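First comes the structure, then the notes that go with it.
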Amino acid sequence: MMWKVVIVLVAALALASAQNQVTGPQTCSAAGVQSLDWNNTALFGRWLEVARNPLGDAPACLEFNVGLLWDNTTLSINASHSSSSESLYSNIDESAKVTLTPQATTGYNVTFYQNNAAQPPVFIKLLQLINNTYVTGCGYTDPNNANTSYGFILAMAGMYNAEGIKLVNDQAFPLYSNFQNNSYANITQAGCFKSSATQSLPMISGILAVALLLIRAY
């Protein structure tokens, strides 16, 4: 059955490329690089960051859970991760709120808070949604400094594999400068654990509490 999954993924990648108007590769901050509309139910779910380029000092166990608040225009984002790329103990929690603009394709500037302390803001664009399983995206902290920019791949929890990550990466690199052909760093997810006393933050939701994808810069 694996060959069927690969065929479906390749077809979805081809469709995503055909629908994307970017002539690349372009930088994340380029005006021609558009973001997906974040107010899209196809993006809702529990997502893991599985790859990043360059890796930088990104920690392991990056997970993102988001829900719509009562006004249905604000995303409440709960993120968790470990303290380093070597640690599998996911003991750091952060949160952010993003006010959505109808049909926005420019991306969003996002500030996460850890223990009520603001972290450096990062501008995020979600670039491609592939087969409702993978999302490619990019982020930067300074639009005039390419060294602050990175590409990332998110995957629906429990629905990804190494071959799928490679296919998604290799489809993105001709379009976006943050992706390199057959070259990316994996974000460790296998073996991650949390304290048994840790509870997920409650989601105040006007509809079903769901999760979406956002990355903070490290």
Cβ contacts < 6 Å: first residue within 21 Å of PRO143 (Cα to Cα) and touching a residue at least 60 places away in the same chain (Cβ under 8 Å), restricted to region 82-108; second residue among the small types (Gly, Ala, Ser) and surrounded by 14 or more Cβ atoms within 10 Å (Cβ to Cβ), any location; separation 6+ or different chain. Result? THR105/SER35; GLY107/SER35
Do we have ASN78 as out of contact with any Cys (no Cβ under 8 Å at 6 or more places or on another chain) and more than 26 Å from ASN186 (Cβ to Cβ) here? no
When you go through (1) of a type in the set (A, V, I, L, M, F, W, C); (2) at pLDDT below 95; (3) under 18 Å from GLY139 (Cβ atoms); (4) open to solvent by less than 40 Å² (accessible area, probe 1.4 Å) one by one for VAL6, which number turns out not to apply? (3)
Run SER195 past the list (1) surrounded by 14 or more Cβ atoms within 10 Å (Cβ to Cβ); (2) in a loop (DSSP other than H, G, I, E, B); (3) more than 16 Å from the chain's Cα centre (by Cα) and report the number of the one that doesn't hold. (1)
Can you spot a residue in region 147-156 that is modelled with pLDDT under 95 and closer than 20 Å to THR41 by Cα? yes
Among the residues of region 124-155, what is the count of those that are surrounded by 20 or more Cβ atoms within 10 Å (Cβ to Cβ) and of a type in the set (D, E, K, R)? 1
CYS61 vs. criteria at pLDDT 95 or above, in contact with a Gly (Cβ under 7 Å, 6 or more places away or on another chain), buried (at least 20 other Cβ atoms within 10 Å of the Cβ) and not basic (Lys, Arg): no
Set LYS125, LYS97: member being part of a strand (DSSP E or B), basic (Lys, Arg) and modelled with pLDDT under 95: LYS97
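The values are calculated or read from the model by the stated rules, or taken from the named source; none is laboratory data. What you see is a predicted model; the values in this text were computed from it and never measured. All Cβ positions, glycine included, derive from the backbone under ideal geometry; neighbour counts span all protein chains shown. These accessible areas exclude ligands, DNA and RNA; they are computed on the full protein's heavy atoms, side chains included. Shrake-Rupley method; radii C 1.70, N 1.55, O 1.52, S 1.80 Å.
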